[in-house]
Amino acid sequence: MTYLNELLNQTLVDIEESGIRKIANLAFDMTDVVNLSLGQPDFPSPSYINAAGIQAIQDNKIGYTSNNGLKELRESASEYIQKLYGLSYNPQQEVLVTIGASEALDLAFRTILSPGTEVIIPAPSYPGYEPLIRLCEAVPVFIDTSKTGFKLTASLINEHITDKTRCIVFPYPSNPIGTVLSKEEIQEIGQLLKDKDIFIVSDEIYSELVYEDQHYSIAAYPGLKEKSIVINGLSKSHSMTGWRIGFTFAPAYITKQMHKLHSYNVVCATSISQYAAIEALKHGTQHKEVVEMKNEYNKRRDYVYQRLVDMGLEVVYPKGAFYIFPSIKKFGLSSEEFSINLLNAAKVAVTPGNAFTEYGEGYIRLSYASSMEELEKGMDRLEQFVAALSSVNI
Ligand SMILES: Cc1ncc(COP(=O)(O)O)c(C=O)c1O
């Protein structure tokens, strides 16, 4: 048996389970836990989207669709990002409907990476990228962004580019920090990249959860569309995580290759979800139910931020997504020790920063995609826990 185990794909064997789930799984076995560890919106999917899904089943729309997704959905997706971000993609050749942003990321990396190539990733980073990159036998190169307000900059990129650099992951608004780059900051990076033979994988899954500014896509910078794969989806903006609908927007020569992978791997995204997604995009992000969700996140963000500041924790004010990433360095515990103690002593589940690479050590991630009531309870408990730790540390 040991021998057979050694015959498995060792790259896969060496990949660890996501650190995001470690604390969450412990919390699932306990009662009365305030769980702030997962990026799962607490709202139901909007009612008109649910109704469209139910209607699709009743109308027996349960067969395979075309591999790249229903024509009407690709057209709606193309109009949606044209209207919101000024991006122009041909729905016949440049858009794919995928199984969430997760499949879209996998398609992107497998299409552009070959063994030994390097991928620049700003860190702390969403843990979904590294395993997919390693499975391509490519090498993630993490850039520590903690000294630049958790923002990727043109000079940081420049310092890390080698002749093996094949791709840059551009993950804004960011999970786990909630940082957003301004149009000017993105333009500076665009200026650097426009003449380089480096692809950009722009993960924009949180693009509609930007609270003050307008989202600006790096692919809108002149000259970058040809080398960019824009990833988006409905999981976060429309509280549709379980429907599993994502998109890739990329030039035809890239989409053609991703299309093959997608066809062999999953055939197509779920038909019922695709019909529901058409309805979601028909209303865009203007529908009352979607607007209310965003307003609520905004309120919660301010509430949680203020509570953390009042507890004396150092924290960056998040501009997007629904996460916040306070420093716990002053307590002298590792992020994992802090999170486990917090769970056991105060019954609050958070994600240790080291789940987001070594550069997340010394921080914890809290998700505010929980009801205000839960957040209040969670913050009260955290406050007590922090106060007790502080008195021990004095
Ligand atoms: C940054 C980021 N990208 C991609 C995904 C995956 O999204 P989906 O659920 O649409 O696959 C997530 C999910 O949490 C995420 O946080």
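The values are calculated or read from the model by the stated rules, or taken from the named source; none is laboratory data. Only a predicted model underlies this, so the values are computations on that prediction, with no experimental measurement involved. For neighbour counting, all protein chains shown are included, and Cβ atoms are generated from backbone atoms with ideal geometry for every residue, glycine included. Keep in mind that these areas ignore ligands, DNA and RNA; they rest on the heavy atoms of the full protein, side chains included. Shrake-Rupley method; radii C 1.70, N 1.55, O 1.52, S 1.80 Å.
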- [ ] Would you tally the residues in segment 135-175 being out of contact with any strand residue (DSSP E or B) (no Cβ under 7 Å at 6 or more places or on another chain) and more than 22 Å from S367 (Cβ to Cβ)?
- [x] 12
TODO: Among the numbered conditions (1) of a type outside the set (D, E, K, R); (2) within 15 Å of the ligand (Cβ to nearest atom); (3) buried (at least 19 other Cβ atoms within 10 Å of the Cβ), tell me where T111 comes up short.
DONE: (2)
- [ ] Considering every residue within segment 193-201, establish whether at least one is part of a helix (DSSP H, G or I) and either modelled with pLDDT under 95 or not assigned by TED's automatic domain parsing to the domain that holds P318 (or both).
- [x] yes
- [ ] Sort through T255, T179 and tell me the only one that's more than 11 Å from the ligand (Cβ to nearest atom), surrounded by 23 or more Cβ atoms within 10 Å (Cβ to Cβ) and under 22 Å from V290 (Cα atoms).
- [x] T179
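Any idea which of N298, N265, N232 is under 19 Å from Q92 (Cβ atoms) and polar (S, T, N, Q)?
Exactly one of N298, N265, N232 is under 19 Å from Q92 (Cβ atoms) and polar (S, T, N, Q), namely N232.
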Open item on the list: Need the failing condition index for V309 against (1) among the aliphatic types (A, V, I, L, M); (2) without any contact (Cβ under 8 Å) to a residue 24 or more places away in the chain; (3) at positive phi, just the number.
Closed with: (3)
TODO: State whether the residues of segment 61-76 include one that is of a type in the set (A, V, I, L, M) and within 16 Å of the ligand (Cβ to nearest atom).
DONE: yes
- [ ] With the condition kept exactly as written, say whether any residue in segment 197-206 is surrounded by 24 or more Cβ atoms within 10 Å (Cβ to Cβ), away from the ligand (no atom under 16 Å from the Cβ) and touching a residue at least 12 places away in the same chain (Cβ under 8 Å).
- [x] yes
Open item on the list: Quick check on segment 162-176: of everything there that is in a loop (DSSP other than H, G, I, E, B) and more than 9 Å from the ligand (Cβ to nearest atom), which residue is nearest to Y368 (Cα to Cα)?
Closed with: Y172
Task: Residue match in segment 222-242 (condition: farther than 17 Å from S76 by Cβ, open to solvent by 40 Å² or more (accessible area, probe 1.4 Å) and either within 12 Å of the ligand (Cβ to nearest atom) or of a type in the set (A, V, I, L, M) (or both)) - done: yes
Task: Near pairs, Cβ below 6 angstrom, 6+ apart or cross-chain, from segment 84-105 (closer than 14 Å to V266 by Cβ) to any residue that is more than 16 Å from the ligand (Cβ to nearest atom) - done: L96/N68
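Are there any helices (runs of 4 or more DSSP H) wholly within segment 1-98 with 3 or more residues that are outside the structural domain of E226 (by TED's automatic domain parsing) and open to solvent by less than 50 Å² (accessible area, probe 1.4 Å), and if so which? First the steps, then the outcome.
On the way: elements: 2-6, 10-13, 20-28, 47-58, 71-85.
It comes to 20-28, 47-58.
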Task: P131 being modelled with pLDDT of 95 or more, within 14 Å of the ligand (Cβ to nearest atom), surrounded by fewer than 21 Cβ atoms within 10 Å (Cβ to Cβ) and outside any loop (DSSP other than H, G, I, E, B) - done: yes
Task: Every residue from segment 327-358 that is buried (at least 20 other Cβ atoms within 10 Å of the Cβ) and in a helix (DSSP H, G or I) - done: S335, F338, S339, L342, L343, G353, N354, A355, F356
- [ ] Give the residue that is surrounded by the most Cβ atoms within 10 Å (Cβ to Cβ), with candidates limited to residues of segment 134-155 that are farther than 26 Å from R110 by Cβ and among the hydrophobic types (A, V, I, L, M, F, W, C).
- [x] F150
